[in-house]
1. At 7 Å along the Cα-to-beta-carbon direction for both A:HIS207 and A:ASP103, put a label point, then send me their distance in nm to one decimal.
2. Could you check the spin-label model distance between B:GLU34 and B:ASN15? Points 7 Å from the Cα along Cα→Cβ, value in nm.
3. Any idea what % of Cα-Cα pairs in region C:219-362 are farther than 18 Å?
4. Say R0 is 60 Å: what FRET efficiency, to the nearest 0.05, do A:PHE62 and C:LYS4 get from their beta-carbon distance?
5. Between C:ASP329 and A:ASP137, what is the label-to-label distance in nm when each label sits 7 Å out along the Cα-to-Cβ direction?
6. Over the alpha carbons of chain B, what is the largest minus smallest coordinate on each principal axis, giving the biggest first in Å?
7. Roughly what % antiparallel, to the nearest 5, for the DSSP beta bridges in chain C?
8. What number results when the radius of gyration of region A:74-209, computed over Cα atoms, is divided by 2.2 N^0.38 Å?
Amino acid sequence: MGNNTILLSHGSGGKQSKELLDLIYRTLSHVVINHGEDSGVFHANEGKVAITTDSYTIDPIFFPGGNIGKLAICGTTNDLAMVGAIPKYITLSLIIEEGFGFDDLKKILIAIRDETEKGNISIIAGDTKIVSKGKVDKIFINTAGYGEIISKDTISSQNAESQDAVIITGDIGDHGAAIMAYRNGFESSLKSDCANVAPLIKALLEHGVKIHALRDPTRGGLASILNEIVASSKVNIVLEEEKLPIKESVSGVCDALGIDPLYMACEGRAVIICPQDQTDKVLEILHNETLGENAQVIGRVAEKSDTPKLFLKTFIGANRILPLLSREQTPRIC
Amino acid sequence: MCLAVPYRIISKEGNKAIADVFGMKKEIDIRIIEDVEIDEYVLVHAGFAIQRVNQQDAKETLELLTELCEAESKP
Amino acid sequence: MTDKFRNNPELKPLLNKIKHDVAALDGKALPLKFMEVCGTHTVSILKFGFRHYFKDSIKFLSGPGCPVCVTSACDIDKMIYLAQQGHHIVTFGDLIKVPGTHSSLEKEIAKGATVDVVYSPLDALNIARNTKKEVNFIAVGFETTIPVIAGLVLDTYAQQIKNLSILCLIKTMPNVLRFLLSQLKGEIDGMIMPGHVSVIIGSEPYEFIPREYGIPCTVAGFEPVDLGLGIQALVSQIALGSPAVDNRYKRMVKSEGNRAAQELISAVFQECDVAWRGFGSIPKSGLCLNEEFINFDAEKRFHIKVNDEVVQSACICGDIIAGRKSPIDCTLFRKKCTPENPIGPCMVSFEGACAAFYKYGE
């Protein structure tokens, strides 16, 4: 078939553009609203709303446990959930490299459809651009997300308080490790944890749980987002190495490649910082959901500090600093 | 300077073997480990097995730890 | 099994005992100074909290055991030269950021150079098969990595891959240790020998250290239990006044090393004098390809030209690698030289002393 790859002319606005747009609309028909208009229009609610935007690029675009489409939807919904919002609408811009396969695009669109449908989200606006070879790496996706805030209290990285508990909703580093294993030729059953955590957060908030701070440990992993929280809240945080839920296979690939799971991206986890007395309730609710079944208290917020730091209490009982790293981890020999 | 972790040999053919590291499979080079057997553990550095892991010695090292530990608890 | 070496309830009492034993040492200035020669030991000592745990009793000094840190600026310039010729460069990760005299591989990538970071040198074979470009593997490393590089050369030869050659910057451990000890004299109380270098060369090559310098040595692994037992061996040798080479990594290290690996190495390489950052040229402290495989030497094949110009810099990485100075003695440290903008290699490598001091706030 001559038309199985996307050509520059598919973005020209002419007859061939229709072929591409037909594929997109056909695949996404259940989740797209305002089809054919220049802008998406909706009724806003009266309370607080949240807006976020993000761009997605990943190598490989298809990875164990997901693809760039699923990643784009989950990444956006998770960012909304982290301020206590329920995701409602999303915009979708595809920037596609000339020569990209229609079949691959279809797989990505199906993942987008499935994830939006499951999350009860509508795609309210969208755009497609085709650029010449080498201008982007296969496909980039940009989104904006709109959500309605249901939490009564403000959830913010500035609100961590001394004695709060630090909880993670599941195992650490799965996404980063799966990608690194794949890129370096390890055949594994390791899957990205890529998932929409908004339903977990919704369940917590609907049960009236009090949350001080919430973050999803994406780029830079757990250690990086907790470093941001200690800096914003001006408190020390102490994690306990013994309590960190890390799969054997994740720590295995990390050991083999010389990378640290605490700095590996998660794409379907949330870190919850809440008062100690909320801990039991939080764990009970999380453990009821598949996505939260490995949720665990991993540390606590310690004293206030003008030079706040993140500490790890190691297996031998020493406290060491978990610093903010400045660059992407690469495999090393030493 | 040299990162290496133990892998378990699953199958082998010539200079190459498939080995398991924490449930992951990876092709490794075994040309400098003589007569390596299936299920043996080897130390792997940069895709290359550089030594077989001696389980008896591993056990003895852990026993040494216990011994030194007991010497501590008996003043 | 790894778990028992990592998180073992018996380790804490042992470490506690070591602290007591150190305090009870007669006539020794504390903290004791132990040098770890291996970069992975530097990382383990920090990662598992040993540096903090022993802060009043033992000071850990990092030796010249990070292959990236000891690579000279002139050798980095050679990599950059190859990248600028349009060659496809294959390398280990940390090398990308190391500055040469005027550029770094990272800057060359931004200008359009092709550079692949690999897990195994053998990955270069596939890369070479799938391109028409000249492919150069940047061969840095110590004894642990040398068999793998020898394997790459032999496979390239056997598979008749014509467009693959190596930039050979390989270094070996025994003679640099000899050089270092002759400089340091009496300033070190014990040495933790590189565990995985020892897998290849064995523990015998270290026998001269206690014999000639009276310094206790231990061959140790990298898990907390391994390190604890290694440190205990050193403290016990000091207490008894009988320095020796104590092998606490017997499950991996034999006294004679791995003979098959040694044979593989000598089939491909021969000893030569090489330049170390901060030390200059040290006799027989590196390897180059032997006559039979000389065609795979990128330096010869492409007549690499680099200026031997020395750029004046206040960087003291050389002194740091030699254990003479600490990162905090450097006027650039934390000011001009940071992990985002490294001036010397010790700030680049994950295990470099400057990067470690920077990260762990010392």
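1. Distance between label points: 4.5 nm.
2. Going by the 7 Å Cα→Cβ label model, 1.9 nm.
3. For region C:219-362, the share of Cα pairs beyond 18 Å comes to 74 percent.
4. It comes to 0.95.
5. 4.2 nm
6. Sorted largest first, the three principal extents are 55, 26, 23 Å.
7. Bridges in chain C are about 20 percent antiparallel.
8. The reported ratio for this selection is 1.26.
Read-outs throughout are calculated quantities, based only on the coordinates presented, and are distinct from any laboratory measurement. This is a predicted model, so every value here is computed, not measured. Positions of Cβ are backbone-derived with ideal geometry, glycine not excepted, and every protein chain shown enters the neighbour counts.
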